[in-house]
1. Consider D355 carefully, then state whether it is open to solvent by 20 Å² or more (accessible area, probe 1.4 Å), of a type outside the set (S, T, N, Q) and in contact with a helix residue (DSSP H, G or I) (Cβ under 9 Å, 6 or more places away or on another chain).
2. Please verify whether G118 is small (G, A, S) and open to solvent by 10 Å² or more (accessible area, probe 1.4 Å), treating the condition exactly as stated.
3. When you scan segment 204-294 for strands (runs of 3 or more DSSP E) that lie fully inside it, which ones turn up with 2 or more residues that are among the aromatic types (F, W, Y), more than 30 Å from V102 (Cβ to Cβ) and over 21 Å from the mean Cα position of the chain (by Cα)?
4. Pick out the one residue from V320, V273, V316 that is open to solvent by less than 10 Å² (accessible area, probe 1.4 Å) and touching a strand residue (DSSP E or B) at 6+ places or on another chain (Cβ under 9 Å).
5. Looking only at segment 360-391, which residues are in a loop (DSSP other than H, G, I, E, B), acidic (D, E) and open to solvent by less than 90 Å² (accessible area, probe 1.4 Å)?
6. Quick check: is even one residue across segment 203-218 out of contact with any strand residue (DSSP E or B) (no Cβ under 8 Å at 6 or more places or on another chain), farther than 29 Å from Y368 by Cα, surrounded by fewer than 22 Cβ atoms within 10 Å (Cβ to Cβ) and in contact (Cβ under 8 Å) with a residue 60 or more places away in the chain?
7. Could you say whether any residue in segment 368-388 is touching a His at 6+ places or on another chain (Cβ under 9 Å) and within 17 Å of D295 (Cβ to Cβ)?
8. Inspect all residues belonging to segment 259-266 and state whether any of them is buried (at least 20 other Cβ atoms within 10 Å of the Cβ), modelled with pLDDT of 95 or more and over 23 Å from L210 (Cβ atoms).
Amino acid sequence: QLIPMAAPPSRSMPAAVLSIALVALLCAPVSEGFGMSRASLPLRPRAAVSPPPSASPAVGGRARGVAGGMSMQVWSNEQAVQEYKDYLNGDAPEATVDGPAVIVGGGGRLGSFLRDKGMGEDVVVGRGGEIPLEMPNVGPEFPVYVCVPEDEVESVIRSCPKEKVDDLVFVQRGNIEMLLKKYGLAGNENTQAVLNFNIMSVGARPQNFLVDMGPDSFGETKYAGETVICGKWADALLARLERAGIVGQKLFHRDWRRHMMERMVFQSVVNLVGTLHDGVSIGDVGKYYQGEVEDMIYQINGALRGSLALTLLYGVEERVFALAENENIEWMPTKVEDFKWRNGVIFAISKQAMDIGFDDPCSMHSEYLQYGREKGWITCDLEPYNPYGPA
């Protein structure tokens, strides 16, 4: 039996009915697209390019469990709010100048680079070595550059004298936020860097990832792959980078954190999508698999907002594709690696939601991971990182 369509509202419809309808519309969950899945939403126009043939089957059902499907409550980050108020009130960390420094792990590519761009008075400490409390000419005020892999950062923190912990400068490529929070080192005063350049070998010239994307609607130049630093020793580190022709900027921690998460999303999503398409290059992922990248980022962005009180900066997809075309990156093959510092952070959000009875907010990411693991294309264990050990 056909149900007659309701007549359009007339001017005589009671105001109360219209008010109720308006309230219901406004209260609908925006992140769910008013009931539409991400797959049904129109993507922005792009050039019609035929993807190359791939032996990797597509993973079905990736629109299930989009960010809007998760009903976890969004919490407010009180630390970020207070730090931003301090910043607006002029209580930001004072500028520092470059001078003698301690470099932990100074024999590697990045450590050697920072030492070469210093003033010739740095002290190099080997892994497991003792960090001094004072240095000639500067006393106790100097940065300690932590140039070790992510898996070794905790040992450096634990062996560092408590008087120098706040002078540690973290320059790792992965997302070590959970580890730093364990030791109270993820605040506005702590120095952290997103270094968007690559050093192929010890002594080699750095290859910059910065991409000029042209002017925005206000006439300001847009960039992808920016080098950004926050914290006490940001100016000192920027001075060293500028001597190598690397231009970066100092940011308040709240804004720096968004850049850091965007780097993690780029590393995780582009490499995961590429791995399931025969390990194609980063550039090919940006050319041929934009739809999959966009869908996955859409879910992850919603999950970050709901779990970490963080929203990626507007235009993240455009910057991801621009960075993928950078000549210093586009040739690199895709591979899922450093799992617990990249994809593992996202997978931990999924596990946390499902453990308390909610849908997986990053279902597409999880399905790609599990499918790649089953096929043998991903060899690492899919165990989310927990800085406090097994639950």
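1. Details: open to solvent by 20 Å² or more (accessible area, probe 1.4 Å): yes; of a type outside the set (S, T, N, Q): yes; in contact with a helix residue (DSSP H, G or I) (Cβ under 9 Å, 6 or more places away or on another chain): no.
So D355 does not fit the description; no.
2. Values: small (G, A, S): yes; open to solvent by 10 Å² or more (accessible area, probe 1.4 Å): yes.
Against the criterion (small (G, A, S) and open to solvent by 10 Å² or more (accessible area, probe 1.4 Å)), G118 qualifies.
3. Numbers: elements: 211-215, 221-224, 227-230, 248-250.
Filter on segment 204-294 gives an empty set.
4. Details: V273 fails: touching a strand residue (DSSP E or B) at 6+ places or on another chain (Cβ under 9 Å); V316 fails: touching a strand residue (DSSP E or B) at 6+ places or on another chain (Cβ under 9 Å).
Matching residue, one of V320, V273, V316: V320.
5. D360
6. Filtering segment 203-218 for residues out of contact with any strand residue (DSSP E or B) (no Cβ under 8 Å at 6 or more places or on another chain) gives 203-205, 217-218.
In the following step, the residues that additionally are farther than 29 Å from Y368 by Cα were identified as 203-205, 217-218.
When the remaining residues are screened for being surrounded by fewer than 22 Cβ atoms within 10 Å (Cβ to Cβ), the result is 203-205, 217-218.
Subsequent filtering for residues that are in contact (Cβ under 8 Å) with a residue 60 or more places away in the chain retains 203-204.
Yes, that holds for at least one residue.
7. First pass over segment 368-388, keeping only residues touching a His at 6+ places or on another chain (Cβ under 9 Å): none.
Looking for residues that are touching a His at 6+ places or on another chain (Cβ under 9 Å) and within 17 Å of D295 (Cβ to Cβ), one finds none in segment 368-388, hence no.
8. no
The values are calculated or read from the model by the stated rules, or taken from the named source; none is laboratory data. As the structure is a computational prediction, the values presented were derived from the model and not from experiment. Every residue, glycine as well, gets a Cβ built from its backbone with ideal geometry; the counts of neighbours run over all protein chains shown. Each accessible area value is taken on the protein alone, full model and side chains, heavy atoms only, with ligands, DNA and RNA left out. Shrake-Rupley method; radii C 1.70, N 1.55, O 1.52, S 1.80 Å.
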